[in-house]
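Single-structure report; data block below.
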Amino acid sequence: QVQLVESGGGFMQTGGSLSVSCVASGPTFSTLAMGWFRQAPGKEREFVAAISRLGASFGYADSVKGRFTISRDNAKNTVLLRMSSLRPEDTGVYYCAGRFSGYNALYTRASDYNYWGQGTQVTVSS
């Protein structure tokens, strides 16, 4: 079945940039709508960004609009989240998520997804 593996992340000072990547197993990546979520200590998992199965549509949380960019390369089974102008409140574990979609749809709720990676830590300090 589908497996998702995140990479990237790490430590960065305020104002810096980082990217996190997610690689999916299987030949059906182009049928998956994908998303990024993050979870800070003591807080619930929150939506960050989403992309439709063919990459034609995008969605972002208000807190990251203009700073983060989601993209995908279906030939490489990869979704990327580029993060810039980082703030301490961006700190958290970032999770890659996927779900089957038969059409050009975006999903912003964690409960919409049934495939999840293990997460990668992003820490932003001043």
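Would you tally the net charge around ALA97, using a Cβ to Cβ cut-off of less than 15 Å, leaving ALA97 out, and scoring K and R as +1, D and E as -1? Write out the running numbers ahead of the final one.
Working: positive: ARG38, ARG45, ARG53, ARG72, ARG99, ARG109; negative: GLU6, GLU44, GLU46, ASP112.
Charge balance in the 15 Å sphere: +2.
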(request) Could you work out how far the C-alpha centroid of the range 52-77 sits from that of the range 14-49, in angstrom? (result) 10
(message) Could you sort the peptides 103-114, 27-38 by per-residue average Cβ neighbour count (10 Å cutoff), highest mean leading?
(response) 27-38, 103-114
(request) In whole Hz, with x marking every Gly and Pro, tabulate ³J(HN,Hα) for the range 16-30 from phi via Karplus 6.51 cos²θ - 1.76 cosθ + 1.60, θ = phi - 60°. (result) x, 10, 8, 10, 10, 10, 9, 10, 9, 7, x, x, 10, 4, 5
(request) Step through the residues of the range 64-69 one at a time and calculate ³J(HN,Hα) from phi using the Karplus curve (6.51 cos²θ - 1.76 cosθ + 1.60, θ = phi - 60°), rounding each to whole Hz and writing x for Gly and Pro. (result) 10, 4, x, 10, 10, 9
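How high is the relative contact order of the chain, given as a whole-number percent (alpha carbon pairs under 8 Å, six or more residues apart)?
On the way: 329 pairs, mean separation 46.1, N = 126.
After rounding, I find 37 percent.
List the GluC sites (Glu not before Pro) within the range 1-94 that DSSP assigns to loop and that have no more than 10 neighbouring Cβ atoms inside 10 Å.
Values: sites: GLU6, GLU44, GLU46, GLU89; in loops: GLU44.
Here the sparse-neighbourhood loop sites are GLU44.
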(message) Rounded, prolate or oblate for the chain? Axes are the square roots of the Cα gyration tensor eigenvalues, ordered a ≥ b ≥ c, and the cut-off for rounded is a/c under 1.5.
(response) prolate
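Quick check for you: with a 1.4 Å probe and neighbouring chains kept, what is the accessible area per residue of the range 74-126, in Å²? Display every interim value, and only then the final one.
Values: 2710 Å² over 53 residues.
Counting only protein heavy atoms, the per-residue value for the range 74-126 is 51 Å².
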(request) Report in % the part of the accessible area of the range 1-119 that belongs to carbon and sulfur, leaving out ligands and nucleic acids; probe 1.4 Å. (result) 50
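Determine the shape class of the range 20-64: with a ≥ b ≥ c the square roots of the Cα gyration tensor eigenvalues, call it rounded for a/c under 1.5, and otherwise prolate if a/b is greater than b/c, oblate otherwise. Show your work: numbers first, answer last.
On the way: a/c = 3.14, a/b = 1.63, b/c = 1.93.
It is oblate, given that a/c is not under 1.5 and a/b is not larger than b/c.
The values are calculated or read from the model by the stated rules, or taken from the named source; none is laboratory data. From a predicted model like this one, the values you see are computed outputs, not experimental measurements. So basically every Cβ, Gly included, is an ideal-geometry build from the backbone, and we count neighbours across all protein chains shown. Heads up: the accessible areas ignore ligands, DNA and RNA and are worked out on the full protein's heavy atoms, side chains in. Shrake-Rupley method; radii C 1.70, N 1.55, O 1.52, S 1.80 Å.
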